[in-house]
1. Got at least one residue in region 140-154 being small (Gly, Ala, Ser), within 20 Å of the chain's Cα centre (by Cα) and surrounded by fewer than 17 Cβ atoms within 10 Å (Cβ to Cβ)?
2. Against the definition (charged (D, E, K, R) and outside the structural domain of Ser63 (by TED's automatic domain parsing)), how does Arg257 come out, yes or no?
3. Cβ contacts < 6 Å: first residue without any contact (Cβ under 8 Å) to a residue 60 or more places away in the chain and closer than 23 Å to Asp166 by Cβ, restricted to region 186-199; second residue surrounded by fewer than 20 Cβ atoms within 10 Å (Cβ to Cβ) and polar (S, T, N, Q), any location; separation 6+ or different chain. Result?
4. Between Ser96, Ser63, Ser70, Ser106, which is modelled with pLDDT under 95 and small (Gly, Ala, Ser)?
5. Among the strands (runs of 3 or more DSSP E) lying completely within region 156-254, list those that include at least 1 residues that are in the same structural domain as Ala117 (by TED's automatic domain parsing) and among the polar types (S, T, N, Q).
6. Using beta carbons and a limit of 6 Å, which pairs, at least six apart or on different chains, have the first residue in region 151-164 and within 14 Å of Ala37 (Cα to Cα) and the second one of a type in the set (Ser, Thr, Tyr) and surrounded by 14 or more Cβ atoms within 10 Å (Cβ to Cβ)?
7. Could you grab the pairs with beta carbons closer than 6 Å, sequence gap of 6+ or different chains, first residue in region 229-241 and within 19 Å of Arg58 (Cα to Cα), second one assigned to a strand (DSSP E or B) and of a type in the set (Lys, Arg)?
8. Just to be sure, is Thr216 at negative phi, among the polar types (S, T, N, Q) and surrounded by 15 or more Cβ atoms within 10 Å (Cβ to Cβ)?
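The values are calculated or read from the model by the stated rules, or taken from the named source; none is laboratory data. None of these values were measured; they are calculated from a predicted model. Here the Cβ positions follow ideal geometry from the backbone for every residue, glycine too, while neighbour counts run over all protein chains shown.
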Amino acid sequence: MTKGAALSALAIMALSHVGETVRAAARSQGATAEVMAAAVWEQAIAAKGGRDRLRAVRNFVVSSREEFRSSPRPDVATYEYLECLYDLDGRLWEFSDHRPGLMGASGRIIDVRSRFAWGSVGRPEPNAVPDLLFRFVEGQYLYLMETAHVQPRPVSVRSERLRNLDVDIVETRVDDLRVDFALDRRTHLPVRVVTLRTLRPERPPFQIIYRLSNYTAIEGVQMAGAVQYGDGASDTKTSYRFNVDFDESTFDPHSVRFDVNGWMKR
């Protein structure tokens, strides 16, 4: 049996068996770690809503509000509101708000192809380009797992216990990033996503951790109603819109609006 045929067979098995059963079946065929990981990944994509639905997303908006339960400086910020428009053709608009706190509000846009970034400060922000490029890719695998443009490559899988939850951790590669998805063994949906990002070759990578919970179906896709940064306690609510009719001026430095729903048509 070819590797491709084996992968297809294992993917079918993955749809009807939980993680350990999938791995046992793969081992019985002498499958590689990559094939075993791909089988569990296929199970998760099916649970998410299916590859066809995921790749039909042309753009999406994420809105998230995190309450700071015990802010040491309530005059600076008691919450953070984030709103991002991901245009998967290669553009990102993002807005953050802490008003009336002293941190205020700010925003940025980037054109991925031209590597041009513009900020609410009213000028180009070339120093922000690496972070914005990263966040453009990160948002796609964090919220959707896969899109037509970003497709993590599974390389291995292992079993762990995470906060009293049985999970399969699928290690993947997204370009030069290592991204580990902890998948609930029962629902097969991500409950924790860890990215290892290297900023400088001479320094070790650092972890970027998100926890995902409170899933609900949006247009047939299972989306986390709470996406929380880090492993600490927080109060976060996250919502989504797919394939919105956004204003093209959103990505024009001369007319961009950095505000709540600033991407909407006037």
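1. Taking region 140-154 as the starting set, the residues that turn out to be small (Gly, Ala, Ser) are 148.
Filter once more, so that each one left must be within 20 Å of the chain's Cα centre (by Cα): 148.
From what is left, the residues that are surrounded by fewer than 17 Cβ atoms within 10 Å (Cβ to Cβ) are 148.
Within region 140-154 (the criterion being small (Gly, Ala, Ser), within 20 Å of the chain's Cα centre (by Cα) and surrounded by fewer than 17 Cβ atoms within 10 Å (Cβ to Cβ)), the answer is yes, since at least one residue qualifies.
2. yes
3. Taking only residues 6 or more apart or on different chains, the pairs are Val194/Gln207.
4. Values: Ser96 fails: modelled with pLDDT under 95; Ser63 fails: modelled with pLDDT under 95; Ser106 fails: modelled with pLDDT under 95.
That would be Ser70, the only listed residue that is modelled with pLDDT under 95 and small (Gly, Ala, Ser).
5. Numbers: elements: 165-174, 177-184, 190-197, 206-218, 221-229, 235-242.
Passing ranges, in order: 165-174, 190-197, 206-218, 221-229, 235-242.
6. Between residues of region 151-164 that are within 14 Å of Ala37 (Cα to Cα) and residues that are of a type in the set (Ser, Thr, Tyr) and surrounded by 14 or more Cβ atoms within 10 Å (Cβ to Cβ), the close pairs are Pro152/Tyr141; Pro152/Thr172; Arg153/Thr172; Pro154/Thr172.
7. Hits for this filter: zero, empty list.
8. Details: at negative phi: yes; among the polar types (S, T, N, Q): yes; surrounded by 15 or more Cβ atoms within 10 Å (Cβ to Cβ): no.
In short, no.
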